[in-house]
Each structure stands twice: as structure tokens, then as C-alpha cells.
1. Report, to two decimal places, the Cα Rg of region 252-298 normalised by 2.2 N^0.38 Å (N = number of residues).
2. Within region 248-355, report the GluC sites (Glu not before Pro) that DSSP leaves as loop and that have at most 13 other Cβ atoms within 10 Å.
3. Expected output is a single nm value to one decimal: the length gained when fully extending between T177 and D331, i.e. 0.36 nm times separation in residues minus the C-alpha distance. What is it?
4. Provide the FRET efficiency to the nearest 0.05 for the D191-I164 pair, computing r from the beta carbons and using R0 = 22 Å.
5. Do the alpha carbons of any pairs in K209/K288; K56/K288; K178/K277 sit beyond 30 Å of each other, and which pairs?
6. If I model a spin label at R30 and E98 as a point 7 Å from the Cα along the Cα→Cβ vector, what separation in nanometres do I get?
7. Decide, for region 160-263, between rounded, prolate and oblate: order the square roots of the alpha carbon gyration tensor eigenvalues as a ≥ b ≥ c, take rounded if a/c falls under 1.5, and otherwise choose prolate if a/b is larger than b/c, else oblate.
Amino acid sequence: MGEEEAVAEENGGVKVDDSVEQASSWPTMRFDVSPYRTHHFSKQFRTARNPNNFLKGLKWSPDGSCFLASSEDNTLSLFYLPQDGGDSNSYGVSIPEEDSYGASLLVNEGESVYDFCWYPYMSVSDPLTCVFATSTRDHPIHLWDSSSGELRCTYRAYDAMDEITAAFSIGFNPDGTKIFAGYNSSIRVFDLHRPGRDFGQYSTLQRNKEGQAGILSTLAFSPTNSGMLAVGSYGQTTGIYREDNMELLYVLHGQEGGVTHVQFSKDGNYLYTGGRKDPYILCWDMRKSVEIVYKLYRATENTNQRVFFDIEPSGRHLGTGGEDGLVHMYDLQTGNWVSGYQAASDTVNAFSFHPYLPMAATSSGHRRFAIPDDDDEEDKNDVQLKADENCVSLWSFYVSSEEKNACDGNDNGNGVEA
């Protein structure tokens, strides 16, 4: 219990004010010029037993020192960013056959990983805060040490038959003191101080059948400490709740498929939602959530995969992938398309901006099936993948010339300004 309590007590390891100040000094990225690839990873995800293993998503750590990638083989891979930020030149690298470097840590779960998230005050300079949580099929919520790969503790939810039930979505509250987890028509809240089976449970479906029904597949907190929580459901709805008592404020309807990703704008005034087999990301105004503000297109109408998008730290643009391998950038003030570039030759299922540097990471891949051939040997039935399929890439964006020198001078190599 000592380590788990220390994790909870160290939720002030990184000052919120410092991160806000760093975000405000974010350099202006140029989207009129395509970014250049700095690092690429593909070969290490493929093994003889599972040559067609594919990526399912990735997330940068809050301090920007590393990122975590989830793959179909129930493994989470942690990659640290090089000390130079990966920006050794302004020309980038071609798609290499060999990986740029290997993962620093591999965490193997027993079943398919539903969701994962970083502790919000994670800082590589404080090992006690270096943790992330995962939710896995038929397993409790696990809290992993990102330095050693050891399991810190578990948070267990039980159903009416007193059997462990898995969360479909998880997230830390902004204070870093609780873990919110989405189940079927219910939210369970765990105190980070108290691992085990103690939790608060809140039903999202009222007795009159009003509210949110179905699997709660994604959740996000407002970044402005307004106490608002957005929860997406496979029932094609997004519910807005109060964090303190889980009171339902209102329900948003309009997604054509089950909601798979929700994210607030940096000022908390807008919410962006994306759905399965739905080609549009919807923008909602939280101050008058009556109708959709605008729609952002992406090629996701023929895939069942979750496709994660992200908003840059300055809050000006949104980037999203799709099944066409393209990454699209949108101006959030107008909802207009700005630019796009080819990130992979298969489905780009996750796009994530670095929290401080003008960089981004993408993951790609989808399930493939070999075509049987009686005349061929068994090993010839494997699908032959190219280097830009089922892969992870790091990208650097060009910045405005008047800000480049200041950016280079303030960066200490870890993505955190001095």
C-alpha cells in the first residue's frame, strides 16, 4: 500500500500552472508545409507467431518524455523520445526497413486492451508519478509502473454475480485523485488512494429509461476545472455530467455510429466527438448545446476501428487520421480543412500532438486475413506487410521562422522548456 498511497499523494508532482505557461508559449506550427518523419517503428511489432500484429492507438505522456502504444497482441510498448527531440535535421527520414530504436518497456496484458491512460501529473523526474492505467477484457483496472513495468495495484469492479467485470473506458480526473471507469450503462469511480474493490457506482440510465444506455466507450474531462465530464456511448449518444456527483446535465444526439472518442477544446467551451463507421467529427458548443456547430470529415465510414484525433496544445487546430492513410488538419475557429499529408499506406487509427514540442505521433494498421492457397506452403499464406503498414511514426512540423530560434533556445531536450 505504501507505493500506491505515494502515487496519489504525489499528484502535485508537476504544477498545473507550469504546464499552462508552457502551452501558452507553444510555437506556431506551419500546416501549409507537410511535416517530416523523424522516427519510424514497424518491425518490432511483428513476430513469427503474430506477423500481422497491428497498432490500436498511442498516447504521449503528460511530460512529453515518452509515448505509449497499444497493439493487437495485448501488449503496450513504451518509447522514450531521444534527447535531441528527434529533430536532427529538417529533411526527415525515408521509410526505413529497420526501426529507429527499440521500445524501452513492454507490458503484456492477458486479454485485449480496451483503454489506457497516463497519470495526469506524470513526470519522468519523479519516479513515483510514472504510472499509467489500463483496462483489459475480463480483468480489473491495472496501474502500471512505467519505469520498471511492475504492476503497482489493481482496482476491481464486480457485477451482480460477484464476478470481475472489465471497464470499457478509463480516465483520471484532473486532480489525479480518482479513476473514472465506464461500463455498461454505469460509471464506477475509484479512489486512487484505495486500491481494491471499493468504488462509487452511478447509473447513467434512469428508471424512466432516460439518460445514457449502452457501453460507455470513452470519457474526457474539461481542461478548465469546470467539473464537467463527457462520456460517449455505443448507443450513439454523448452525456455531459458533473464530476462531483455524476449528475446528468444533458445528452447530445447526432452521431451516426457508436461514440468512440470525445475531447474538449482547450478553453472547455467546445466538445468534439467521433464515432464508429461515422465519417464526421462533430463540434458542440457547451454553452448552448442544442445543435452541431460544424462537422469535420475523415475517412472512417468503412472501418470498425476506433480512430483517435487530437487538438494541438495551443487549441487552434485538430488533427485526425482515417482509413485512407491520410492525416487531415482542421482550423477549429472556422471548421475549415487546412492541409493533409500521407502518414501510412493503411488505416491511421491514432494521431497525437506532443504536449510541448512541434511534433506528433501516428499509429496505423488493421486486421488482415491471408488468402488460403492449397498449392502454397503454410508460411506463404502470411500477408506480406510493407514498412509503412502496421507502424508508428514520429513527425516534426515546421514552425514560423520568427519563433524557431526562441523555440530552439528554450528547449532543454526533454520537451519541457527551461
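1. Expressed relative to 2.2 N^0.38 Å, the Cα Rg reads 1.05.
2. Here the sparse-neighbourhood loop sites are E256, E291.
3. Fully extending the segment from T177 to D331 adds 52.0 nm.
4. Plugging the Cβ-Cβ distance into 1/(1 + (r/R0)^6) gives 0.75.
5. As for pairs spanning more than 30 Å Cα to Cα, those are K56/K288; K178/K277.
6. Simple spin-label model gives 3.3 nm for this pair.
7. Judged from the Cα gyration tensor, region 160-263 comes out oblate (a/c at least 1.5, b/c at or above a/b).
Quick note: the coordinates plus some simple rules give every number you see, no bench work behind them. Just so it is clear, the structure is predicted and the values come from calculations on it, not from any experiment. Quick reminder, even Gly has a Cβ in these numbers, built from the backbone with ideal geometry, and neighbours come from all protein chains shown.
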